[in-house]
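Colleague: Dropping the structure in here first, questions after.
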Amino acid sequence: GLEGEGKTRKRAARTGAAGLMIGCMIYPDGWDSAEVKRMCGDKTDKYTLGACTVRWAYILAIIGILDALILAFLAFVLGNRQDNLLPDDFKIENKEGSNG
């Protein structure tokens, strides 16, 4: 029903935000590789880029995390509010009344 779809959307938004967050936290872990040191200098280490800089793609990924978290929060708030706005014939009946 409608209630299950809302929960699925909320769960998808939270899962997406968590996946992006994990990816952005793990991504700099590879900066100490030989290829990155060759391009960015010997001062490059995990979470330190040396002579290189972080450009727009990584910053946009971080903004995407914030966007996913905000949308998950809005889905929760507006989904709960929507239940009160539905007409009576669209609302889910009590489980006690349908066990007959």
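Colleague: Those residues that are surrounded by 12 or more Cβ atoms within 10 Å (Cβ to Cβ) and more than 29 Å from residue 73 (Cβ to Cβ), I need them from region 18-32; list them, please.
Modeller: Within region 18-32, 31, 32 meet the criteria.
Colleague: Tell me, yes or no, whether region 56-76 has at least one residue that is open to solvent by 60 Å² or more (accessible area, probe 1.4 Å), out of contact with any helix residue (DSSP H, G or I) (no Cβ under 9 Å at 6 or more places or on another chain) and of a type in the set (D, E, K, R).
Modeller: No: region 56-76 contains no residue that is open to solvent by 60 Å² or more (accessible area, probe 1.4 Å), out of contact with any helix residue (DSSP H, G or I) (no Cβ under 9 Å at 6 or more places or on another chain) and of a type in the set (D, E, K, R).
Colleague: Next question, about the same structure. Scan 44, 15 and give me the residue that is open to solvent by 40 Å² or more (accessible area, probe 1.4 Å) and of a type in the set (Val, Ile, Thr).
Modeller: 15
Colleague: Next question. Count, please, the residues in region 29-78 that happen to be within 23 Å of residue 19 (Cα to Cα), out of contact with any Ser or Thr (no Cβ under 8 Å at 6 or more places or on another chain) and not in a loop (DSSP other than H, G, I, E, B).
Modeller: 25
The values are calculated or read from the model by the stated rules, or taken from the named source; none is laboratory data. All of these numbers come straight from a predicted model, not from anything done at the bench. As a convention, Cβ positions derive from the backbone with ideal geometry for all residues, glycine included, and neighbour counts pool all protein chains shown. SASA here: full protein model, heavy atoms, side chains in, ligands and nucleic acids out. Shrake-Rupley method; radii C 1.70, N 1.55, O 1.52, S 1.80 Å.
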